[in-house]
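What follows is one structure encoded as structure tokens, with my remarks underneath.
The values are calculated or read from the model by the stated rules, or taken from the named source; none is laboratory data. All figures in this text were calculated on a predicted structure; none of them were measured in a lab. Backbone-built Cβ (ideal geometry, glycine too); neighbour counts: all protein chains shown. SASA here: full protein model, heavy atoms, side chains in, ligands and nucleic acids out. Shrake-Rupley method; radii C 1.70, N 1.55, O 1.52, S 1.80 Å.
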Amino acid sequence: GRVREAVVSTQSTGRELGIERETFVFFTSDNGAATYRRRDGGDNGPFVCGKETTYEGGMREPGIAWWPGTVPAGSTTHQLANIMDLFTTSLSVAGVKAPQDRIIDGIDLSSTLLDQAAPTVDRPIWYYRGNEMMAVRVGAYKAHYWLWTEFGKDPQSFTFCQGQYIKNVTVHDQVDHTAQPVLFNVNRDPGEKYVISPKSKEYKEAMGRITPVVEEHKRTMERGEPSLNYCDAAVQNWAPPGCQELGYCLKRPASKPQLCYWDH
């Protein structure tokens, strides 16, 4: 599709200009497949639910790096990362120092990207929905502090999860588990199907490591001003290139900016 064309074009241009060994390309996505679009939305494989949720199907994406002569071809890493790390990592590989006058959320992962023998960086991954920290992953363990699939009116639809019903996990209403988070080992159970018992030694040891990380995160967080405070349906891409051929161009509505309301 068009994404593939763009990536291939970038690589081809680099080769034509003789700068492919000075060109760093990273391919990823901002969220999992939009399962609410059913067949047209994609498939998240073994991961439960999809876009707009904080289950693995909504948040876990592949990451592919291309940099001939620098990133070893065919190599893999199990490093936990998020898109915010691309900013800091890109600055590092370009030899540019990150700004010192503000908090930068991303971390520099150039060592694991460029060197297969380098140890992975031990860092948490945060799962937010709106302003609420829904879950956190530390190492192999993911703790859900809140569970929620969607905010529609039909509790049987689970349109973000397309029939992937897991008892007490894919819940229609927001359920607060902050007193006793729901824990999974997502290395062993990437589909988040088997809840680790709070009475088990494994649960107590994992939460013993996770709890202080969460407490430190909340204590030191400096909340920024959301960039999506105002919404305007007119700015959406109602008629993207190629829609004529598909017969799927939509009429752009009148501009009407208003303060956003997020159900979540």
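Using only the Cα atoms of the range 102-243, build the gyration tensor, take square roots of its eigenvalues as a ≥ b ≥ c, and label the shape rounded, prolate or oblate: rounded if a/c is under 1.5, else prolate if a/b is larger than b/c, else oblate.
Details: a/c = 1.60, a/b = 1.13, b/c = 1.41.
Oblate is the answer for the range 102-243, as a/c is 1.5 or above yet b/c matches or exceeds a/b.
Each peptide in 130-137, 76-83, 11-18 was scored by the mean count of other Cβ atoms within 10 Å over its residues; highest first, the order is 130-137, 76-83, 11-18. Only Cα pairs under 8 Å and 6+ residues apart enter the sum, and on that basis the relative contact order of the range 33-186 stands at 21 percent.
Relative protection proxy for 197-209, 238-250, from highest mean packing down: 197-209, 238-250 (other beta-carbon atoms within 10 angstrom).
Taking the chain as a Gaussian network of alpha-carbon nodes connected by springs under 10 Å, the highest mean-square fluctuation of the residues 27, 47, 184 belongs to 27. Taken per residue, the accessible surface of the range 1-123 reaches 64 Å², heavy atoms only and a 1.4 Å probe. Which one is right for this structure if log10 I(q)/I(0) by the Debye sum over Cα atoms at q = 0.10, 0.14, 0.16 Å⁻¹ is calculated from it: [x] -0.51, -1.03, -1.34; [y] -0.64, -1.01, -1.17; [z] -0.66, -1.25, -1.47? Checked against the structure: label [z].
Please find the FRET efficiency linking residue 132 to residue 260, where r is the Cβ-Cβ separation and R0 is fixed at 22 Å, and quote it to the nearest 0.05. The partial results should precede the final answer.
Details: r = 15 Å, r/R0 = 0.70.
E between residue 132 and residue 260, to the nearest 0.05, is 0.90.
Where the alpha-carbon atoms of the range 81-171 are placed on the principal axes, they occupy 52, 32, 20 Å, in descending order.
How long are the three semi-axes of the equivalent ellipsoid for the range 1-91, computed from the Cα gyration tensor as the root of 5 times each eigenvalue, in whole Å, largest first? Walk me through the intermediate numbers first.
Working: eigenvalues 160, 54, 24 Å².
Value: 28, 16, 11 Å, ordered largest first.
Looking at this model, which pairs from 142/199; 218/256; 51/204; 51/218; 142/218; 167/218 are more than 27 angstrom apart at the alpha-carbon? Check vs 27 Å cut-off fails for 218/256; 51/204; 167/218. Between the range 97-129 and the range 188-264, the C-alpha centres lie 20 angstrom from each other.
Summarise the accessible area of the chain (1.4 Å probe, protein heavy atoms) by the percent that is carbon and sulfur. Can you show the working numbers first?
On the way: 9050 of 17130 Å².
Carbon and sulfur atoms account for 53 percent of the accessible area of the chain.
Using C-alpha pairs under 8 Å with a sequence gap of at least 6, the mean separation divided by the residue count of the range 82-173 gives a relative contact order of 16 percent. Share of pairwise Cα-Cα distances greater than 20 Å in the range 181-264 is 66 percent (whole percent). Among 94, 33, 65, the largest mean-square fluctuation in a Gaussian network model of the chain, built with springs joining Cα atoms closer than 10 Å, belongs to 94.
Find the relative contact order for the chain and round it to a whole percent, using C-alpha pairs within less than 8 Å whose residues are 6+ positions apart. Walk me through the numbers before you get to the answer.
Values: 367 pairs, mean separation 35.5, N = 264.
Once normalised by length, the contact order is 13 percent.
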